[in-house]
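Notes for the one structure printed next.
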Amino acid sequence: MRAFVQTAVGRYEERDLPAPRAGPGEVVLRVRAALTCGTDIKLLNRGHAAIALPVVMGHEACGEIVEVGEGVEAFRPGERVVPAVSGPCGLCADCRGGRSNLCASGHADRTWGAFAEMLRVPASVVAGNLHRPPPDLPGEIAAFLDPLASVLHGWIRLGPAPERLLIYGSGALGLLWAATARARGVAAVVAGRRSARLDVAARYGATVIDLDRESAEGVGADAATDCTGDPRVWETLPSLVRPGGRVLLFGGCAPGASVTYDASRLHYSEIALVGSFHYTPQEARAAMALLASGEIDPRPLITATGSLSNLPRFLEAQAKGEGIRYAVLTEA
Ligand SMILES: [Zn+2]
Ligand SMILES: [Zn+2]
């Protein structure tokens, strides 16, 4: 099969690889839609402690099952599915404590390799985090399950709905925050760059701040979410929320990054810093339901679609911050 393989930090190439086979409990998909994601670019530019190279790139996909492994009862060949990135074990302290998004064994075998003709889905994902989109939902829309589920997890981490939410960053995740804020009746302010992205934020009902021209000070938000993964933004957010405000540390910073906070601000203004990582199978199901009903419509986030051979062009654009997301499609 054709596959795009990251061979080193900063390098990838198209290769002809043997197609994966389904081991016990696993399934193999023919990829029908795969989305580019900022995570692919981060991984390409700086690697990831938990992902060994070489690795087939891509992790947001919708595909058709072509092979089921021994013991798989719930799925059969021909079904269209969207895999989550990880499947929690259900047994460890994190899973039992309601934090299955943090399950270490779930993250040990991830669904990875969507920029290829075929994709292996780990047994842990097949067991509890493999989702069936309705037949009329296009694959490239259904594949938004992964980023949307992360945002739904962020909302739960944030706690009671704020009156006004500052969303710092106008990439796909920031825009999904805006879309979900509107669905929840929360006033959202998106602070970001690039007018095309801010236009989408406005279409999702958010007030926008163009950071090239204005500052995010004085917004009066009672909560803020970082969608940049930039430590400087993490450090700034406590000063951009009102006293008693909550700051959600949602975007992942580079490995080894550290941040410094003004202790007085955190203490005397009772600012809560809240981490948010990944999502649970329940949140993935909720994401699929929102996509299926059309309540969350990610179509404005897809800048262009094309075949697998367009991927280098798409990744280059994504890395430059041109457009929002790109979808690689394969006709059935
Ligand atoms: Zn992603
Ligand atoms: Zn677990």
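What to note about this one:
- Any hit, the stretch 145-153, residues being out of contact with any Pro (no Cβ under 9 Å at 6 or more places or on another chain), open to solvent by 10 Å² or more (accessible area, probe 1.4 Å) and more than 16 Å from ligand 1 (Cβ to nearest atom): no
- Exactly one residue out of Arg120, Arg110 is modelled with pLDDT under 95 and either away from ligand 1 (no atom under 16 Å from the Cβ) or assigned to a loop (DSSP other than H, G, I, E, B) (or both): that is Arg110.
- Where a residue in the stretch 29-40 is farther than 8 Å from Cys62 by Cα and of a type in the set (Asp, Glu) and its partner, wherever it lies, is in a strand (DSSP E or B) and away from ligand 2 (no atom under 16 Å from the Cβ), with Cβ under 9 Å and at least six apart: Asp40/Gln6; Asp40/Glu60
- From the list Ile141, Ile156, the lone residue that is among the hydrophobic types (A, V, I, L, M, F, W, C) and open to solvent by 10 Å² or more (accessible area, probe 1.4 Å) is Ile156.
- Strands (runs of 3 or more DSSP E) wholly inside the stretch 176-227 containing at least 2 residues that are surrounded by fewer than 22 Cβ atoms within 10 Å (Cβ to Cβ): 207-210
- Sub-8 Å Cβ pairs linking a first residue in the stretch 198-209 that is more than 14 Å from Leu173 (Cα to Cα) to a second residue that is surrounded by 14 or more Cβ atoms within 10 Å (Cβ to Cβ) and modelled with pLDDT under 95, at least 6 apart or interchain, are Ile209/Ala216; Ile209/Val219, ordered by first then second residue.
- Every residue from the stretch 237-254 that is outside any strand (DSSP E or B) and open to solvent by 60 Å² or more (accessible area, probe 1.4 Å): Ser239
- Tally, over the stretch 81-99, of residues that are surrounded by fewer than 19 Cβ atoms within 10 Å (Cβ to Cβ) and either under 27 Å from Phe115 (Cβ atoms) or charged (D, E, K, R) (or both): 3
- Among all residues of the stretch 36-45, there is none that is more than 15 Å from Leu315 (Cβ to Cβ), open to solvent by less than 30 Å² (accessible area, probe 1.4 Å), within 14 Å of ligand 1 (Cβ to nearest atom) and among the hydroxyl-bearing types (Ser, Thr, Tyr).
- For the stretch 13-53, the set of residues classified as touching a Phe, Trp or Tyr at 6+ places or on another chain (Cβ under 9 Å) and modelled with pLDDT of 95 or more consists of Glu13, Glu14, Arg15, Val27, Val31, Ala34, Leu35, Thr36, listed by residue number.
- Count of residues meeting criterion [within 16 Å of ligand 1 (Cβ to nearest atom) and at pLDDT 95 or above] in the stretch 87-107: 1
The values are calculated or read from the model by the stated rules, or taken from the named source; none is laboratory data. Note that this is a predicted model, so its numbers are computed, not measured. Every residue, glycine among them, receives a Cβ derived from its backbone with ideal geometry; neighbour counts consider all protein chains shown. Each accessible area value is taken on the protein alone, full model and side chains, heavy atoms only, with ligands, DNA and RNA left out. Shrake-Rupley method; radii C 1.70, N 1.55, O 1.52, S 1.80 Å.
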